[in-house]
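A.B. asks: Structure below; questions to follow.
No lab work stands behind these numbers, since they all come straight from the coordinates. Quick caveat, the model's predicted, so the values are computed rather than measured. No Cβ is skipped: glycine too gets one built from the backbone with ideal geometry, and neighbour counts run over all protein chains shown.
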Amino acid sequence: MNARGLYAIVDPAATRGRDPERIAAAILAGGCARLQLRAKDGADRARLALAERLRARCAAAGVPFVVDDRADLAALVGADGLHVGLDDLPIAAARRIVGGIEIGRSSHDPAQARQAERDGADLVAFGPVFETASKSAPDPVVGLDALAAVCAGARRPVVAIGGITLERAPAIRDAGAAFGAVISALCAADDPELAARALHHALGGAP
């Protein structure tokens, strides 16, 4: 799997009414290290169908496909990864469903980041580094200094989350994060392909 760069998140609620599959296709054309489906709303049947289509597009592009929250959907579509939050299934329980695929875990302070590693996370998501509008009730902003400290002590790759834009991307890279997770600056961009290309480069991803 690609070791650095843009961790692209496609959220149908953030695409300004545009087809999320077309947004995903544009992001893949621009370049990214991971592409994750984050679909909090809607019927499971529609969510599964979208996950299947995005999985196929990612496979064709050679980019790992990740499902947010739902271990069952990840297993059904043969996803390359699963991301779980603090209130989702424990990693050990999720592994009983998805097997040995990559599992990322959210964390919002250094203690949670260390616990995610102890619990067996392959990736540790940490933040929000900056203020974010992608969540209705975001956790307190942690800042770049805390991100750098977590990256320095982590044994697993760190995914910086929260409020990442093209202008802020170099600071995320310089703090030591392997990946920067982006929703709004991609899904709401006028040109998601161009935005993905610029963000992936700024975050240290290979062309």
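A.B. asks: Sorted by average packing, counted as other Cβ atoms within 10 angstrom per residue and highest first, what order do 141-151, 161-171 take?
C.D. replies: Numbers: 141-151: 18.0, 161-171: 20.2.
Put in order of decreasing packing, that is 161-171, 141-151.
A.B. asks: Still on this model: So if we plug the beta-carbon distance of residue 76 and residue 3 into 1/(1 + (r/R0)^6) with R0 = 30 Å, what FRET efficiency do we get, rounded to 0.05? Display every interim value, and only then the final one.
C.D. replies: Working: r = 27 Å, r/R0 = 0.91.
Computed FRET efficiency for residue 76 and residue 3 comes out at 0.65.
A.B. asks: Follow-up. Sort 193, 52 so the one with the fewest other Cβ atoms within 10 Å of its own Cβ comes first. Please report the intermediate quantities before stating the final value.
C.D. replies: Values: 193 17, 52 14.
Result, fewest neighbours first: 52, 193.
A.B. asks: OK, next. Starting from 0.36 nm per residue, how many nanometres of slack lie between residue 95 and residue 174 once their C-alpha separation is accounted for?
C.D. replies: Values: separation 79, 0.36 × 79 = 28.44 nm, distance 3.23 nm.
25.2 nm is the gain from fully extending residue 95 to residue 174.
A.B. asks: While we're on this one: If one computes P(r) from the Cα atoms of the chain, what percent of pairs lie at distances over 28 Å? Don't jump to the answer; show the numbers that get you there.
C.D. replies: Working: 3807 of 21321 pairs.
Percent of Cα pairs beyond 28 Å in the chain: 18.
A.B. asks: Can you grab the distance from the C-alpha centre of segment 45-79 to the C-alpha centre of segment 128-207, Å, no decimals?
C.D. replies: Result: 22 Å between the Cα centres.
A.B. asks: Using a 10 Å cut-off around each Cβ, can you sort 108, 200 from fewest to most neighbouring Cβ atoms?
C.D. replies: Starting with the residue having the fewest Cβ neighbours, the order is 108, 200.
A.B. asks: Another question, then. Could you give the length gained by full extension between residue 119 and residue 166, i.e. 0.36 nm per residue of separation minus their alpha carbon distance, to one decimal place?
C.D. replies: Numbers: separation 47, 0.36 × 47 = 16.92 nm, distance 3.22 nm.
So the chain would gain 13.7 nm between residue 119 and residue 166.
A.B. asks: Among 27-33, 56-62, how do they line up from the highest to the lowest mean number of other beta-carbon atoms within 10 Å?
C.D. replies: Details: 27-33: 23.3, 56-62: 14.4.
Ranked by mean Cβ neighbours within 10 Å, highest first: 27-33, 56-62.
A.B. asks: Local charge sum around residue 34 (other residues, Cβ-Cβ under 11 Å, Lys/Arg +1, Asp/Glu -1)?
C.D. replies: Details: positive: 4; negative: 80, 102.
Net of charged neighbours comes to -1.
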